[in-house]
Each structure stands twice: as structure tokens, then as C-alpha cells.
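In what follows, a single structure is set out as C-alpha cells and then discussed.
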Amino acid sequence: MSRLGLGLAAVGRPGYITLGRSNDLPAERTPAALSARATELLDTARTGGVRYFDVARSYGRAEEFLARWLEERRVPRQTATVGSKWGYRYTAGWAVKAPVHEEKELSLDRFTSQLAETRALLGDWLDLYQIHSATLESGCLDDESLLRALLRGRGEGAYRAVGLTLSGATSAATLERALEVRVDGERVFDVVQATFNCLEPSLAPSLARAHDAGLGVIVKEVFANGRLTDANERPEDAPLLARLRAVASGISLDRLALAFALTHPFVDVALSGAATTTQLASHLAALELSLDETTRRALRAVAEPPERYWATRSRLRWT
Ligand SMILES: NC(=O)c1ccc[n+]([C@@H]2O[C@H](COP(=O)([O-])OP(=O)(O)OC[C@H]3O[C@@H](n4cnc5c(N)ncnc54)[C@H](OP(=O)(O)O)[C@@H]3O)[C@@H](O)[C@H]2O)c1
């Protein structure tokens, strides 16, 4: 299984938070145009050996775009693994500028209704079903009826694995709790998906523990939504980019960022959120890269306090 996966958050809907969308997406972000872009990315990924594909109910029509591609390309069942997420409902109505783009509810009702919607699109392709951005304060990790339903879905073959994704500066505490969750002695979670990059590496110890406990570890936002790329034009990030270029010795920053994530043995899959096939080709090329200890140390030194990282992320505009 390639250690690179492909996530469709940036191309499943017209609006999202990555930095260069006005340059990188089709001028007209119609469903047909974004479906075509998703198909190009999926074809390039598959040719490049990628086998894990990540979507969500809230990524607009990403599940539909993926389902159509699997069908049209007659992808053999054992050559692709599909993960989706429940919890957020897409509320932007295919608009780039919407008052609210997604609304979250981590309840048994939301799980039940969204599982039916996801299965209606992906059917038996659904391998991994993840709680979308689980938090302690949502109560989902202490909701016994919900946890039983997650296990029942796995037991009945609605999906093969139960997962959770994490967001925010409190992710470590949520993950520690998730590792303990049992129903009648049976562990609930098989996979954790979490943000991990050289700006926000704070989850490394918890993810290593999860990996040692037998959970699959998927890392997301490896490029910090575009901040760790040469296309980043945020004035506030100029000092950061200068430091990264000083250690990059000519390697493109996106490849440096991905190679950093892949130097960590607990990472099973790192997600590319590429919006173009050129970006994806660059990410695929990073799989060949290995970073020496001097470069790794220099990249560890750019880490931000998690609170600052997540505050910056929360201010990224939906475009
Ligand atoms: N809570 C959750 O569960 C959650 C949250 C976030 C993401 N995810 C998953 O993780 C995946 C990746 O996350 P993400 O897309 O938010 O973040 P990301 O992978 O860190 O950033 C991807 C973006 O960075 C920019 N980029 C990457 N390589 C580039 C290059 N070589 N040159 C120029 N720009 C480049 C592109 O944005 P532009 O083209 O727009 O510049 C691209 O869309 C998602 O698709 C989703 O599957 C899950």
C-alpha cells in the first residue's frame, strides 16, 4: 500500500480553505468541472500507486465523484481502499461564498442518516467510516448508543473499519480518550486520522502510541492547507518560507513537507490534498526523498505552538 493517499476536500466542492484556489481550480467551478478535475487526480494517483482515497459527506459531491470514477474505471475491488467521514453536513449549496459551509453534529441520528447517504453512493466500496473531527466536548466518545452503532456497522459489514479524525489544539486529549474506548471489552477505533506537519507536529507521541496499540495512522494537512508550499504568498509566512528554503537546498517546499511527515514510522498513510495533477505529481515524487538528520532537526525547529497553528488555520478564508 502506497504511503501516499489522496483526499478530495479541495475538489469536492467549490469553496474550501486552501490558499491558491483561484489559481489552481477551473474558472467555472461547476459540478461537471470539479468532477472532471477529481477524475484527473484519481487517474494520476492510481497510476502513481496510490491506493487510499479519502472523502466525507461534507465535501460537497466528493463521494459521488469518487463513486463514479470507481465505476467508470472498473477499479478492481482489492486495488483501492476508500475512507469517508460522517458528522458534518454540507450547507454551502454549491456556493463559494456561503455564510456557513458545514454544520457538525456527532449524534446517533446524524451517524445513521449519513451512513445511509454514504452507502447509497459508495455501497460496498466503503472500507473505513470515520467520525469527522471528533472532540471530547462533543460527547461522542462517551455516547454508548452511538459507539454500539459504530461497532454494529462494522459487524454487519457496512464498512470494515471504524475511525475518527481529529482537529484542533485539543486533539491529543481526544486521541488519548479514543484509545481507551471499549464496548463490552471490544475496542471501537481501528484508525485515527490527524493533522501532522512540521508546523504542527505536537501529536507525534500520541500517534506513535496509537500506532503501537495497533491503530492505523493517517496524517492530513501535511502541507498545512498550502502554507508549506512555494505557492504560499501569505506575508505573515514570509519568515517561515525563508527558513524552509534555507534548509530545502533546492527541494520544492511541498516535497520537503511531505518527506518530513513520511520520516515518522507511525505514519501509515500521508494524505495529499492536491488540487492539480502537477501538485500530485510533485507529491508522488516526494516518496523517493529521504531527509538527513540535519534537515529533520531544522524542520522540527519551525514547529509552532498548537494554539497558534490552529488559530491561523481558523482564519484561513473559504475561497
Ligand atoms: N477534519 C478532517 O478530517 C480533515 C480536515 C482537513 C483535511 N482532511 C483530509 O486531508 C486531505 C488534505 O487536506 P487539505 O487539502 O486541507 O490540506 P493539505 O493537503 O495540507 O493542502 C493541500 C493544498 O495545498 C496546496 N498545495 C499542495 N501542493 C502544492 C504545490 N506543489 N504547489 C502549490 N500548492 C500546493 C493546494 O492548495 P491550492 O491549490 O488551493 O493552493 C492543495 O489543495 C483532505 O483532502 C481530506 O481528505 C481531513
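Here are some notes:
- Flag if Tyr52 is within 11 Å of the ligand (Cβ to nearest atom) and open to solvent by less than 10 Å² (accessible area, probe 1.4 Å): yes
- Residue check for Ser167: open to solvent by 20 Å² or more (accessible area, probe 1.4 Å), touching a residue at least 24 places away in the same chain (Cβ under 8 Å) and of a type outside the set (Phe, Trp, Tyr): yes
- Close pairs from segment 203-230: first under 18 Å from Ser314 (Cβ atoms), partner among the hydroxyl-bearing types (Ser, Thr, Tyr) and open to solvent by less than 10 Å² (accessible area, probe 1.4 Å), Cβ under 7 Å, at least 6 apart: Leu203/Ser171; Lys220/Thr195; Glu221/Thr195
- Checking each residue of segment 286-299 against the condition of being in contact (Cβ under 8 Å) with a residue 24 or more places away in the chain, of a type outside the set (S, T, N, Q) and loosely packed, with under 13 Cβ neighbours inside 10 Å gives no match.
- Some residue of segment 59-77 being under 19 Å from the mean Cα position of the chain (by Cα), within 19 Å of Val219 (Cβ to Cβ) and either surrounded by fewer than 20 Cβ atoms within 10 Å (Cβ to Cβ) or in contact (Cβ under 8 Å) with a residue 60 or more places away in the chain (or both): no
- Screening segment 203-222 for residues that are among the charged types (D, E, K, R) and closer than 24 Å to Ala10 by Cα and picking the one that is surrounded by the most Cβ atoms within 10 Å (Cβ to Cβ) gives Glu221.
- Of all the listed residues (Ala231, Ala224, Ala210), the sole one being within 16 Å of the ligand (Cβ to nearest atom) and in contact with a Gly (Cβ under 6 Å, 6 or more places away or on another chain) is Ala231.
- Screening Arg152 with (1) buried (at least 16 other Cβ atoms within 10 Å of the Cβ); (2) in a helix (DSSP H, G or I) gives one miss only, at (1).
- Any hit, segment 186-201, residues being within 17 Å of Ala270 (Cβ to Cβ) and open to solvent by 10 Å² or more (accessible area, probe 1.4 Å): yes
- Of Gly250, Gly273, all but one fail to be in contact (Cβ under 8 Å) with a residue 60 or more places away in the chain and open to solvent by 30 Å² or more (accessible area, probe 1.4 Å); the exception is Gly273.
- Filter pass, Asp254 being within 12 Å of the ligand (Cβ to nearest atom), acidic (Asp, Glu) and within 24 Å of Ser272 (Cα to Cα): yes
The values are calculated or read from the model by the stated rules, or taken from the named source; none is laboratory data. Every value quoted in this text rests on a predicted model; they were computed, and no experiment measured them. Counting neighbours? That spans all protein chains shown, and the Cβs are built from the backbone with ideal geometry, glycine included. Quick note on the areas: whole protein, heavy atoms, side chains included, nothing else; ligands and nucleic acids left out. Shrake-Rupley method; radii C 1.70, N 1.55, O 1.52, S 1.80 Å.
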